[in-house]
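> One structure, as structure tokens, below. Some questions next.
The values are calculated or read from the model by the stated rules, or taken from the named source; none is laboratory data. Everything numeric here is computed off the predicted structure, so don't read it as measured data. Reconstructed Cβ throughout: ideal geometry from the backbone, glycine too, with neighbour counts over all protein chains shown. All accessible areas refer to the heavy atoms of the entire protein, side chains included, with ligands and DNA or RNA removed. Shrake-Rupley method; radii C 1.70, N 1.55, O 1.52, S 1.80 Å.
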Amino acid sequence: MNDERFPVAGKALRLMLIGQLTALFSFIPRIGSILSLIGGILILVAAILIRKTTPLYTRAFHFLMTMLACSIAINILTLSAASQASADQTGTAATLLMIIYMLSLVSYVLSFMQTYYLCFATSSLLREIDCEKEAGRGEWVWKLTAAATVLFLIASMLAFASIGIADIVGMIGNVISLIANVLYLIFLYQSSARFLARS
């Protein structure tokens with residue numbers, strides 16, 4: 001089992017990298033939604049493949065699945081809220097919007113937890129093969145993601161309360177998130193290369 005962990009993790013992380021890169025092009029008109037879907041499927045398949053290598057990856061998988069369920073619920077409730085608003089059911093629509101807002105906050109936390117466990121599990125495996133530099137990069141990724149998540153939550157609550165500095169806090173969160181995402185892609189690439197080299 002131990003001998004198989006590294007090639008399995010390497011292939012899964014490489015697939016996850018491809019999924020992340022594919023999803024980056026979701027802004028392209030007409031095909032963006034298709035690319036986003038393909039990227040999401042690749043990430044999900046990678047999470048299924050890697051989850052058996054260590055319990056930490058299993059936890060990351062559980063958070064990913066919970067986040068997916070949360071996203072589906074948000075989409076359904078958004079459609080329902082729009083339908084209620086067009087039917088002049090403003091009270092029901094307002095209640096649904098509040099639920100959507102709360103689920104969005106939960107989704108931020110779930111996304112961080114999934115990233116945390118994936119980075120922590122990968123860093124642990126990297127240390128087993130004496131790749132301390134790459135393992136350290138994984139720790140930077142989840143720490144920066146944690147900072148961005150906290151700032152996003154604060155910005156969301158400030159915006160909800162109509163407090164003016166919400167945009168500034170959100171902008172700082174976006175910058176940190178961008179840095180974390182770039183480091184995450186590098187981390188996935190280098191980790192998968194190290195693990196596949198052990199095959």
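> Ignoring ligands, DNA and RNA, what accessible area per residue does segment 1-149 give at 1.4 Å, in Å²?
Values: 8170 Å² over 149 residues.
For segment 1-149, the solvent-accessible area averages 55 Å² per residue.
> Show me the trypsin sites (Lys or Arg not before Pro) within segment 1-109 that DSSP assigns to loop and that have at most 12 other Cβ atoms within 10 Å of their Cβ. Each step should come with its number before you reach the end.
Working: sites: Arg5, Lys11, Arg14, Arg30, Arg51, Lys52, Arg59; in loops: Arg30, Arg51, Lys52.
Passing both the DSSP loop test and the Cβ count: Arg30.
> Here's something else I'd like to know. How high is the FRET efficiency between Ile172 and Val106 when r is their beta carbon distance and R₀ equals 25 Å, given to the nearest 0.05?
Details: r = 22 Å, r/R0 = 0.88.
That gives a FRET efficiency of 0.70.
> Based on DSSP H runs of at least 4 residues, each adding -39500 (n - 2.57), what is the mean residue ellipticity at 222 nm of the chain after dividing by all its residues, to the nearest 500 deg cm²/dmol? Present the calculation step by step, with values, prior to reporting the outcome.
Working: 6 runs with 173 residues, N = 199.
One gets -31500 deg cm²/dmol as the mean residue ellipticity at 222 nm.
> The chain: percent of C-alpha pairs farther apart than 20 Å? All intermediate terms of the calculation are to be shown ahead of the outcome.
Details: 12161 of 19701 pairs.
Percent of Cα pairs beyond 20 Å in the chain: 62.
> Label-point separation (nm) for Glu132 and Ile163, each offset 7 Å from Cα along Cα-to-Cβ?
4.2 nm
> Which shape class applies to segment 12-85: rounded if a/c is under 1.5, otherwise prolate when a/b exceeds b/c and oblate if not, where a ≥ b ≥ c are the square roots of the Cα gyration tensor eigenvalues?
Note, shape of segment 12-85 comes out oblate.
> How large a share of the accessible area of segment 29-122, in percent, is made up of carbon and sulfur atoms when the probe is 1.4 Å and the other protein chains stay in place?
Solvent-exposed carbon and sulfur of segment 29-122 make up 71 percent of the total.
> In terms of Cα to Cα distance under 19 Å, which lysines are near enough to Lys143, apart from those fewer than 8 places away along the same chain?
Partners found: Lys133.
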